[in-house]
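My questions all concern the structure below.
The values are calculated or read from the model by the stated rules, or taken from the named source; none is laboratory data. All figures in this text were calculated on a predicted structure; none of them were measured in a lab. When we count neighbours, we look across all protein chains shown, and the Cβ atoms used for this are built from the backbone with ideal geometry, even at glycine. Note: areas computed on protein heavy atoms with side chains; ligands, DNA, RNA excluded. Shrake-Rupley method; radii C 1.70, N 1.55, O 1.52, S 1.80 Å.
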Amino acid sequence: MESKIRLKVNAGGITLMCIEGISIIRRRIIPKEDVLLRGDELLLEMRGERNILVTRWLPIKPRNDIGWGFSVYMLDEHYKASAMYDVYGNFYQWYCDIIKYDYSNENKCYTVVDLLVDVVKTSDGKIKIIDEEELIEAQKQGMIQKEDFNLAIGTARIVAGKMKNESFMPLYGLFDNIEPPVGFHPKIPVHKP
């Protein structure tokens with residue numbers, strides 16, 4: 001079946017093409033860029049009382065630390081929780097981007113804006129908020145509005161609190177058996193004698 005281009009977006013000189021179905025564009029503030037997440041596989045879209053997306057993915061660029069992952073976009077709660085697996089296929093952390101989003105019903109395209117600050121929970125249970133200094137600097141330079149700054153800081157603290165009491169993933173049971181995406185080939189550990 002031939003793909004049909006339904007939307008072309010010019011974002012800072014880069015043309016992004018959303019192909020049939022639901023598309024997701026990741027918008028970053030630093031560096032300023034829009035990236036069409038064309039390799040992400042949409043597993044679930046819930047719209048209505050709660051707006052949630054679930055995707056599974058391979059890293060955009062090959063990495064030595066991340067083999068694959070899946071992400072749960074809690075759109076109305078302003079975070080994306082990503083379960084990350086290493087190159088051997090072992091879970092190693094939850095990484096939560098603080099976000100805001102826009103949805104074009106006409107084009108079936110989500111634009112998800114990364115608000116810089118993140119919350120991480122490692123496999124050993126340690127929780128930390130990271131990149132707050134980057135957010136502060138972006139606000140000082142006028143790259144982020146005060147309203148988004150406050151949203152990012154407040155949401156990061158809420159997510160960290162939810163992580164402590166294991167309530168940051170309200171749909172937890174759904175994700176116990178997500179398989180890696182096609183194209184993931186786990187490395188075999190090398191055992192030294």
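Would you call Ile136 assigned to a strand (DSSP E or B), at negative phi and modelled with pLDDT of 95 or more?
no
Within region 113-124, is even one residue open to solvent by 70 Å² or more (accessible area, probe 1.4 Å) and within 21 Å of Asp176 (Cα to Cα)? Steps first, please.
Keep residues of region 113-124 that are open to solvent by 70 Å² or more (accessible area, probe 1.4 Å), which gives 123-124.
Filter once more, keeping what is within 21 Å of Asp176 (Cα to Cα): 123-124.
Looking through region 113-124, at least one residue is open to solvent by 70 Å² or more (accessible area, probe 1.4 Å) and within 21 Å of Asp176 (Cα to Cα).
With (1) within 22 Å of Asp124 (Cβ to Cβ); (2) outside any loop (DSSP other than H, G, I, E, B); (3) modelled with pLDDT under 95 as the list, and Ser167 as the residue in question, which single condition is left unmet?
Of everything listed in (1) within 22 Å of Asp124 (Cβ to Cβ); (2) outside any loop (DSSP other than H, G, I, E, B); (3) modelled with pLDDT under 95, Ser167 misses just condition (2).
Shifting gears a bit: For the subset of region 34-57 comprising residues that are part of a loop (DSSP other than H, G, I, E, B) and within 12 Å of the chain's Cα centre (by Cα), which member is surrounded by the fewest Cβ atoms within 10 Å (Cβ to Cβ)? Write out each step before concluding.
Taking region 34-57 first, the residues part of a loop (DSSP other than H, G, I, E, B) are 37-40, 47-51.
Cutting the leftovers down to within 12 Å of the chain's Cα centre (by Cα) gives us 37, 40.
Values: Leu37: 17, Asp40: 21.
The selected residue is Leu37.
Identify the single condition in (1) in a helix (DSSP H, G or I); (2) closer than 18 Å to Lys164 by Cβ that Ile129 does not satisfy, given that it satisfies every other one.
Condition (1) is where Ile129 drops out.
Restricting attention to region 134-154, and to residues there that are touching a helix residue (DSSP H, G or I) at 6+ places or on another chain (Cβ under 9 Å) and free of Cβ contacts under 8 Å to residues at least 40 places away in the same chain, which single residue is surrounded by the fewest Cβ atoms within 10 Å (Cβ to Cβ)?
Per the stated criteria, the residue is Lys146.
Could we say that Lys162 is modelled with pLDDT of 90 or more, in a strand (DSSP E or B) and open to solvent by 30 Å² or more (accessible area, probe 1.4 Å) here?
On the way: modelled with pLDDT of 90 or more: yes; in a strand (DSSP E or B): no; open to solvent by 30 Å² or more (accessible area, probe 1.4 Å): yes.
Against the criterion (modelled with pLDDT of 90 or more, in a strand (DSSP E or B) and open to solvent by 30 Å² or more (accessible area, probe 1.4 Å)), Lys162 does not qualify.
Now a separate question. Among the residues of region 86-100, which ones are surrounded by fewer than 21 Cβ atoms within 10 Å (Cβ to Cβ) and part of a strand (DSSP E or B)?
Phe91, Tyr92, Gln93, Tyr95, Lys100
Among the numbered conditions (1) within 15 Å of Phe184 (Cβ to Cβ); (2) open to solvent by 30 Å² or more (accessible area, probe 1.4 Å); (3) over 13 Å from the mean Cα position of the chain (by Cα), tell me where Ile66 comes up short.
Of the numbered conditions (1) within 15 Å of Phe184 (Cβ to Cβ); (2) open to solvent by 30 Å² or more (accessible area, probe 1.4 Å); (3) over 13 Å from the mean Cα position of the chain (by Cα), the odd one out for Ile66 is (2).
Just to be sure, is Lys100 under 29 Å from Pro62 (Cβ atoms) and in contact (Cβ under 8 Å) with a residue 12 or more places away in the chain?
no
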